[in-house]
1. For the chain, what log10 I(q)/I(0) values come out of the Debye formula at q = 0.15, 0.19 1/Å, with one point per alpha carbon and no solvent?
2. Just to confirm my numbers, what's the Cα centroid distance between region 67-88 and region 104-120 in Å?
3. Please give the helix 108-124 orientation as an angle from the longest Cα principal axis of the chain, in degrees from 0 to 90, rounded to the nearest 10.
4. Anyone know which of 90, 138, 102 comes out most mobile in the 10 Å Cα GNM of the chain?
5. Please identify, among 64, 27, 95, the residue showing maximal mean-square fluctuation in a Gaussian network model of the chain using a 10 angstrom Cα cutoff.
6. For the chain, set up a Gaussian network in which alpha carbons nearer than 10 Å are linked by springs, and say which option among 83, 31, 118 fluctuates the most.
7. Give the Rg (one decimal place) followed by the Dmax (whole number) of region 1-82, computed from C-alpha coordinates and expressed in Å.
8. Using the alpha-carbon atoms, what tilt in degrees (0 to 90, nearest 10) does helix 39-51 show relative to the longest principal axis of the chain?
C-alpha cells in the first residue's frame, strides 16, 4: 500500500516530531544514521516535505530540520499525498487489476476493514498524536537500532 519512500518519510517525520523543536534542529546525517536510511535519499524526501510545509528547516551552522506547532498539526495523510500517489490505497492488495466489493479478490473482504481503519487514522490523527502514541508505548519502535536496546 505504501512505497518505501512514503514509509521513510513517515518515519523521519515522526522522528522529528519526537526529538526536534524550533530550538533543537536535527541534521540529515543524524536522522539518516539513527533511522538507518541512505542520507541522499532522506535529504530529497525532507526537502519535498519542507516544500509542502510538513516539516520545517533552517540553513546554516545551527540549521537542520524540525517540526513547529503548525507542522505537528499536519496529518500522516499529508505526508502520503506529498510523497506518493494516495490512489495506492484503492489498489488490490494482491495486485489484481479488477478488485471491488462487486468483484473481490480472495483477500478483499479480509483486507478492506484494515484499509478503512488505517485510512481513517492517517486522515484523522495528527503527526503529534502519532508521535505521542509512540512516546507513550514501550512496544513501538521507529528505528532498527531500537532493537539493540530491547
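1. The computed values of log10 I(q)/I(0) come out as -0.81, -1.16.
2. Centre-to-centre (Cα) distance: 22 Å.
3. 30
4. With Cα springs under 10 Å in the chain, the top fluctuation among 90, 138, 102 is at 102.
5. Looking only at 64, 27, 95, the biggest GNM fluctuation is shown by 95.
6. 118
7. 11.5, 38
8. Long axis of 39-51 versus the principal axis of the chain: about 80 degrees.
FYI, it's all coordinate maths here, none of it is from the lab. Keep in mind the model is a prediction, meaning the values are calculated, not measured.
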